[in-house]
1. Out of curiosity, is Thr63 touching a residue at least 12 places away in the same chain (Cβ under 8 Å) and surrounded by fewer than 10 Cβ atoms within 10 Å (Cβ to Cβ)?
2. Output the qualifying pairs, or none if there are none: Cβ atoms under 7 angstrom, residues six or more apart or on different chains, first residue in segment 17-29 and over 18 Å from Ile61 (Cβ atoms), second residue of a type in the set (A, V, I, L, M).
3. Taking the condition of being closer than 30 Å to Met4 by Cα and without any contact (Cβ under 8 Å) to a residue 24 or more places away in the chain, how many residues in segment 30-60 meet it?
Amino acid sequence: MPKMKSHKGAAKRFKKTKRKIKRGSAFRSHILTKKSPKRKRQLRAPHYVARVDVKRVIELIATY
């Protein structure tokens, strides 16, 4: 049986930390002029994958 490969699209989007999986935040790439400074500042904060999705993401980014 061949080796399992990681999903390269997911591997570029998620990073595994000790207990959680970090993800990027949406809505911060363009059209920033109409967004308030508070909203843009809060989008800089680290975001994590929801607990119900962690198992699915780990399967995608895991390399065997």
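1. For Thr63, the condition - touching a residue at least 12 places away in the same chain (Cβ under 8 Å) and surrounded by fewer than 10 Cβ atoms within 10 Å (Cβ to Cβ) - is met.
2. Note: pairs meeting the criteria are Ser25/Leu43; Phe27/Leu43; Arg28/Leu43.
3. Restricting attention to segment 30-60, the residues satisfying the condition of being closer than 30 Å to Met4 by Cα are 46-60.
Then drop every residue that is not without any contact (Cβ under 8 Å) to a residue 24 or more places away in the chain, which leaves 50-53, 55-56, 59.
Of the residues in that region, 7 qualify.
Here is a yes/no grid of residues against (1) more than 10 Å from the chain's Cα centre (by Cα); (2) surrounded by 11 or more Cβ atoms within 10 Å (Cβ to Cβ); (3) assigned to a loop (DSSP other than H, G, I, E, B); (4) modelled with pLDDT under 95:
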{"site": "Met1", "(1), (2), (3), (4)": "yes, no, yes, yes"}
{"site": "Ser6", "(1), (2), (3), (4)": "yes, yes, yes, yes"}
{"site": "Ala11", "(1), (2), (3), (4)": "no, yes, no, yes"}
{"site": "Lys18", "(1), (2), (3), (4)": "yes, no, yes, yes"}
{"site": "Lys22", "(1), (2), (3), (4)": "no, yes, no, no"}
{"site": "Ser29", "(1), (2), (3), (4)": "yes, no, yes, yes"}
{"site": "Lys35", "(1), (2), (3), (4)": "yes, yes, yes, no"}
{"site": "Arg39", "(1), (2), (3), (4)": "yes, yes, no, no"}
{"site": "Val52", "(1), (2), (3), (4)": "yes, no, no, no"}
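The values are calculated or read from the model by the stated rules, or taken from the named source; none is laboratory data. Remember, it's a predicted structure, so these values are computed and weren't measured experimentally. Note that we place each Cβ from the backbone using ideal geometry, even for glycine, and neighbour counts take in every protein chain shown.
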